[in-house]
Every structure is written in structure tokens, then in C-alpha cells.
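For reference, the structure discussed in these notes is given below.
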Amino acid sequence: MTDQNDSAAWSRRGVLAGLGAGVMLLAMPVRADDVSVAQAITDTFGTTPRQDGKITLKLPPLAETGNTVPLTVTVDSPMSDTERVKRVVVFANRNPRPLIAIMTFGPRAATAEFSTNMRLSGTQDVIAMAELSDGSIWQAQVRVLVTVGACDTLQLRY
């Protein structure tokens, strides 16, 4: 009878240990990679050719923490009736989700510029892409060194 209780207690412990390990595996964050970023870009812009230029992407080269990294995007455009920025999309290639933000500029926008803060999981490239009214796509890319990542713990908290 003692053997049955010991084996029953052991199997409960084994089950609980297995459940705990399973929960830890499910809670581990999944990071984007270059393939998922390329897929997100294709999903957003299709196969339209992209060109470098027209975008100034300001990020600190070194961020002590990824919890709040300042970002400023400026697109060189007269914002006239014939030539204007329709939208700017920001991607990051090592965050849990590659698509960070979409900014849409209406017909009365005087400049194609915005500033915000973003969370970064770790050292990675931030990519900004702008779609102009003529259908052209422009891009810029900046690498940010992050000493303490932010997004790894985000999924565990929410």
C-alpha cells in the first residue's frame, strides 16, 4: 500500500513537472527573423521594387534598455497634390512581431515626419519603408545595439 501511494505521488509530481515544462516552452518568446520580416514586407507592399533613399531614420546607435527606444522618421517629400507620402511602415527583424507601426498621411499633412518610442527585444535592425503617391517604395535601415532587451518578458507578463 505504501508503494502505491509513493508511485501515485511520484506520478503527480511527474505530471506537474511536465506541465510546468510545457508552460515554460509555450511562454518562451518567438522572435522574428529575416524570412518573417521579408514576408511581412511582401504582405504589406507586395512585390513592388524598393529603393534606398528619401527616408531619414533617427535611432540611437546604443540603447541601454529596449523598453523605450526613441524613433524619428522623416521622408523627403514636398507633400503636394502630385507627390506625397501615403504611408510609412516600420519593421524590426528580431522582435516577437516584425511589423512595429503603420503611419498613414492624409492629403492635408504638411510634412511626412513622426516621432514615437518603441520596444526592442535586443540588438537588431529597424527598417522604415515609405509608399509614395506614385507607387514607389523607399526604404532605410538602421542597426540599434540594445544592452537589455524588452520584448522577451512582455509575453510572460500579458
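Tabulated data for the structure shown
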quantity: For residue 123, distant residues with modelled amide H under 5 Å away; calculated: 146
quantity: Nearest-10 value in Å² for the accessible area of residue 127, using the 1.4 Å probe; calculated: 20 Å²
quantity: Computed lengthening from residue 147 to residue 11, 0.36 nm per intervening residue step minus Cα-Cα distance; calculated: 44.7 nm
quantity: Residues whose placed amide H lies under 5 Å from that of residue 65, excluding near-sequence neighbours; calculated: 147, 148
quantity: Cα gyration tensor category, rounded, prolate or oblate, for the range 40-158 with a/c compared to 1.5; calculated: prolate
quantity: Rounded percent of accessible protein surface that carbon and sulfur make up, the range 38-145, 1.4 Å probe; calculated: 49 percent
quantity: Residue 104-residue 34 FRET efficiency (beta carbon distance; Förster radius 22 Å; 0.05 resolution); calculated: 0.25
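The values are calculated or read from the model by the stated rules, or taken from the named source; none is laboratory data. Keep in mind that this is a model prediction, so the values were computed, not measured. Heads up, the Cβs are rebuilt from the backbone with ideal geometry, glycines too, and the neighbour counts pull from every protein chain shown. Quick note on the areas: whole protein, heavy atoms, side chains included, nothing else; ligands and nucleic acids left out. Shrake-Rupley method; radii C 1.70, N 1.55, O 1.52, S 1.80 Å.
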